[in-house]
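Report on one structure; see the data block that follows.
The values are calculated or read from the model by the stated rules, or taken from the named source; none is laboratory data. This one's a predicted model, so the numbers in the text were calculated from it and none came from an experiment. Positions of Cβ are backbone-derived with ideal geometry, glycine not excepted, and every protein chain shown enters the neighbour counts. All accessible areas refer to the heavy atoms of the entire protein, side chains included, with ligands and DNA or RNA removed. Shrake-Rupley method; radii C 1.70, N 1.55, O 1.52, S 1.80 Å.
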Amino acid sequence: MNSTKVLIIEDEPKVASFIKKGLEENHYAAEIAYDGFSAINMVLKDNYNAIILDINLPIMNGYEVCRKLRQNNIDIPILMLTALGTTEDKLTGFDSGADDYLVKPFEFRELLARIKALLKRNQTPNQAGAIFHVADLELNTHSKTVKRNNIKIDLTAKEFSLLEFLIRNKGRVISRSELAEKIWDITFDTGTNVIDVYINFLRKKIDKDYPVKLIHTHIGMGYVLKEAE
């Protein structure tokens, strides 16, 4: 039996059992929590390698569970698995601390691929802490802080990850599909505008109050972070 342990937080017994059976057939250990409160207690008491989290849960919903775990410095990869599929739902999920988001109904092989991707990413050693500069923008990967013109800018975890990827690739036009793969570990879906929404979030925080814009759009190609257009 693989020592990789996954916690399934799902209040529908049939769905939970289906996922558990599928994971075990693929040599994962799996446990189930049927409500958010129980799930948090299980995570705090045991060691899990990944979490599959529904949003509509009794006692405490999935967003609250995710935020609570992150507030407790739990950095286990979290995949939200839910019937809530609007862009707003996904944004709320990512902002609450989820690493990936899959909408029901789903194919189990896709769920398995998402879990494998999250586990692989979590096992990859973090690059050494570094400080990056573009014009008067500073990003510190060790302290997870961002400043522009020496003024601190507060970013969510996803916004920071997106900006870090852009700044590490400054001057290079990055496609939406690459951003989807590298930041969200997902295959780009042309029906969603999550990436564009996050780029706009960054622009409002990074560029809005400054005459020199750093985030630029190349229509039909993607986005680039650089000092001048």
Helix-only [θ]222 nm of the chain, DSSP H runs n ≥ 4, -39500 (n - 2.57) each, per residue, nearest 500: -12500 deg cm²/dmol
For residue 30, distant residues with modelled amide H under 5 Å away: 6
Calculated from backbone phi, Karplus (6.51, -1.76, 1.60) coupling profile of the stretch 143-150 in Hz, x at Gly/Pro: 8, 6, 10, 10, 9, 10, 6, 6
Long-range HN-HN contacts of residue 50 with modeled amide H, under 5 Å: 5, 7
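Where does each of 202-210, 46-54 land if you order them by average Cβ count within 10 Å, highest first?
46-54, 202-210
Per residue, how large is the accessible surface of the stretch 1-81? Use a 1.4 angstrom probe and give square angstrom.
On the way: 4000 Å² over 81 residues.
Dividing the accessible area of the stretch 1-81 by its residue count gives 49 Å².
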Answer label for Cα extents along the principal axes in Å (calculated), chosen among (i) 50, 48, 33; (ii) 55, 35, 32; (iii) 60, 36, 29: (ii)
Estimated FRET transfer efficiency when R0 is 25 angstrom, pair residue 200-residue 152 (beta carbons, to 0.05): 0.75
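By its C-alpha gyration tensor, with a ≥ b ≥ c as the square roots of the eigenvalues, how is the stretch 1-119 shaped: rounded for a/c under 1.5, else prolate for a/b larger than b/c, else oblate?
Numbers: a/c = 1.39, a/b = 1.14, b/c = 1.22.
It is rounded, given that a/c, with a ≥ b ≥ c, falls under 1.5.
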Residue of 45, 144, 116 that the Gaussian network model of the chain assigns the largest fluctuation, springs spanning Cα pairs under 10 Å: 45
Choice from 153, 78, 19 showing the highest fluctuation, given a GNM over the chain with Cα pairs closer than 10 Å: 153
Approximate spin-label separation residue 136-residue 212, in nm, with each point projected 7 Å along Cα-to-Cβ: 0.8 nm
For residue 57, residues with placed amide H under 5 Å, excluding near neighbours: 62
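Return the FRET efficiency for the residue pair residue 45, residue 11: r is the Cβ-Cβ distance, R0 is 22 Å, and the value is rounded to the nearest 0.05.
Taking R0 as 22 Å, the efficiency between residue 45 and residue 11 is 0.65.
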